[in-house]
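Structure first, then comments.
The values are calculated or read from the model by the stated rules, or taken from the named source; none is laboratory data. For clarity, every value in this text was computed on a predicted model and none was experimentally measured. Glycine also receives a Cβ, built like all others from the backbone with ideal geometry; neighbour counts cover every protein chain displayed.
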Amino acid sequence: MADHPEGSRPLWGSRLGFILAAAGSAIGLGNIWKFPYITGENGGGLFVLIYLGCVVLVGLPIMMAEILLGRASRQSPVGAFAAFSRKGSSWPLVGWLGVAAGFVILSYYSVVAGWALHYVLLSLTDHFRHLQPDQVSGIFDTLYGAGDINLFWHLLFMLSTVSVVLAGVQGGIEKTCRVMMPALFLIILLLVGYSLFLPNDGFLKALDFTFTPHLERLSRRSVLEALGHSFFTLSLGMGAMLTYGSYLDRQASLLKTSLQVVLLDTLISLLACLMVYPVMFSFGLAPQAGPGLVFKSLPMLFAQLPGGLLISLAFFMLVVFAALTSAISLLEVVTATVMDRAGWSRRRAALVTGAAIFAFGIPAAYAGDGRLFGAWASMFGMNFFDTMDYLASNWMLPLGGLFIAIFTGWVMPEAARREAFGAPAGRAWLYTGFVFVLRWLAPLLVLLVLLHKIGVLQELGVMGS
Ligand code: PHE
């Protein structure tokens, strides 16, 4: 089965270590940057409710499937699919698809994290104080257009990511997450606490916006967006949870640990709304500002708030921490695959894969610059950055998730699956329910999203856009 004898694969030092590392992977730019703005665009409460439904019905089972596959095979994605399918089958390709997704996502994720690093520096130098709103949003536009500066931060962020992965599962990933995740929780609680006291009932309005469902504000599209986002935010569909699961001991309860990770991720997304919206509402702005919400609008308000320097520093540090603990999981998938497949040392694999991803991300760093790679945009109608994000989050992750559900539900031998699930006595229905969802519900829902994307449903007249 596995190339590794059981004893030689590193394991997490403790169960808490696994949970913090997996939550660290899940909690990232998806929670703090993306969730508040897409919830804003989709009208708030009802979107949140539907998103929660997607997380429970599709996200949780697929997370369990990934951890199960990793733990049962003790392999990174490619080997995991090989371990439970016939020799010569094409299933390992799904593993490679995941590795490619990790490679692609990290290449631009690192550029966004670089923006946050830049804003940490700007906060430190109290750059936002007394600036006019249009000057503040101008900062972002200038940064976006300055390829060399983006390249510098991209390099710095990739170096940090590589240095963590290089230090190994326990000494690098687990140790970093053990420090950064509690710091992240603390910062977000402090910021939400601060938001409580903002003028003009900002917090109450934020609560109302986030939790009161309004049917009329929702479009059919929102449902699909909610499902798509649940993959990205839970790090599903590309083998990150699978790889982390391959370092998990066999006694840990699959359901309980997955549930904890999902709950933490969801909690942080909701808290992010309760941190970002009050600031917007209390200054009379709407939360529909789109992708620029965090980088353009918030600093506008930090410029006027009492204690703005500290608040904006804390906020952008939070974004950097969240991004780093996600980035290490992306790199770990690629690095672990090279180690498992080519037999390279961790050091060599981390350095080479990290350098390759850095190089691949260079066009993303120059996406807004136009000096280099300008031809890309004219060829594909989207710049390099947007093309990669579109490919990865709209196609690679949902496709990967679909195949993972089908593989674990239909292809993996029953005996191996049952043993790896390890249902506690008297709870056999849990296992039955899990397999049912993996076989039917999860694939059908994901398929619906993909069919909608290629326009099949619209053509059949089933669904408007
Ligand atoms: N879940 C991370 C976030 O929300 C992104 C990510 C996706 C990380 C896929 C790993 C794998 O930002």
With respect to residue 280, determine if the residue is under 23 Å from residue 51 (Cβ atoms) and more than 16 Å from the ligand (Cβ to nearest atom).
-> yes
Which one of the conditions (1) within 16 Å of the ligand (Cβ to nearest atom); (2) modelled with pLDDT under 95 does residue 329 fail to meet, given that it meets all the rest?
-> (2)
If you go through segment 128-150, how many residues are in contact with an Asp or Glu (Cβ under 7 Å, 6 or more places away or on another chain) and crowded, with 18+ Cβ neighbours inside 10 Å?
-> 1
Within segment 72-87, how many residues are at pLDDT below 95 and within 19 Å of residue 422 (Cα to Cα)?
-> 0
With 337, 353, 325 as the choices, which residue is of a type in the set (Val, Ile, Thr) and under 19 Å from residue 234 (Cβ atoms)?
-> 325
Note: among 301, 267, 263, 293, just one is away from the ligand (no atom under 14 Å from the Cβ), closer than 25 Å to residue 45 by Cβ, modelled with pLDDT of 95 or more and part of a helix (DSSP H, G or I), namely 263
Which ones in segment 78-122 are hydroxyl-bearing (Ser, Thr, Tyr), in a loop (DSSP other than H, G, I, E, B) and in contact (Cβ under 8 Å) with a residue 40 or more places away in the chain?
-> 85
Which of the following residues is of a type in the set (Ser, Thr, Tyr) and either at pLDDT below 95 or surrounded by fewer than 22 Cβ atoms within 10 Å (Cβ to Cβ) (or both): 107, 90?
-> 90
Could you grab the pairs with beta carbons closer than 7 Å, sequence gap of 6+ or different chains, first residue in segment 213-240 and over 18 Å from residue 264 (Cα atoms) and acidic (Asp, Glu), second one surrounded by fewer than 24 Cβ atoms within 10 Å (Cβ to Cβ) and modelled with pLDDT of 95 or more?
-> none
Picking from 60, 20, the residue that is within 16 Å of the ligand (Cβ to nearest atom), within 17 Å of the chain's Cα centre (by Cα) and either modelled with pLDDT under 95 or over 30 Å from residue 111 (Cβ atoms) (or both) would be 60
All conditions in (1) farther than 24 Å from residue 285 by Cα; (2) within 16 Å of the ligand (Cβ to nearest atom); (3) in a helix (DSSP H, G or I) are true of residue 225 except (1)
What residue, of 256, 205, is of a type in the set (D, E, K, R) and either under 30 Å from residue 132 (Cβ atoms) or not in a helix (DSSP H, G or I) (or both)?
-> 205
From the list 242, 218, 204, which one is surrounded by fewer than 24 Cβ atoms within 10 Å (Cβ to Cβ) and in contact with a Leu (Cβ under 6 Å, 6 or more places away or on another chain)?
-> 218
Which ranges mark the helices (runs of 4 or more DSSP H) fully within segment 394-447 that have 2 or more residues being more than 22 Å from the chain's Cα centre (by Cα) and surrounded by fewer than 21 Cβ atoms within 10 Å (Cβ to Cβ)?
-> 414-421, 428-436
When both residues are 6+ apart or on different chains and their Cβ atoms are under 6 Å apart, which pairs have a first residue that lies in segment 327-342 and is without any contact (Cβ under 8 Å) to a residue 40 or more places away in the chain, and a second that is part of a helix (DSSP H, G or I)?
-> 338/349; 338/353
Does residue 285 satisfy the condition of being more than 15 Å from the ligand (Cβ to nearest atom), surrounded by fewer than 24 Cβ atoms within 10 Å (Cβ to Cβ), part of a helix (DSSP H, G or I) and more than 13 Å from the chain's Cα centre (by Cα)?
-> no
Index of the failed condition, residue 247 passing every other in (1) more than 22 Å from residue 40 (Cβ to Cβ); (2) part of a helix (DSSP H, G or I) | (2)
Of those in segment 110-127 that are surrounded by 13 or more Cβ atoms within 10 Å (Cβ to Cβ), of a type in the set (Ser, Thr, Tyr) and farther than 16 Å from residue 304 by Cβ, the residue nearest to the ligand (Cβ to nearest atom) is 110
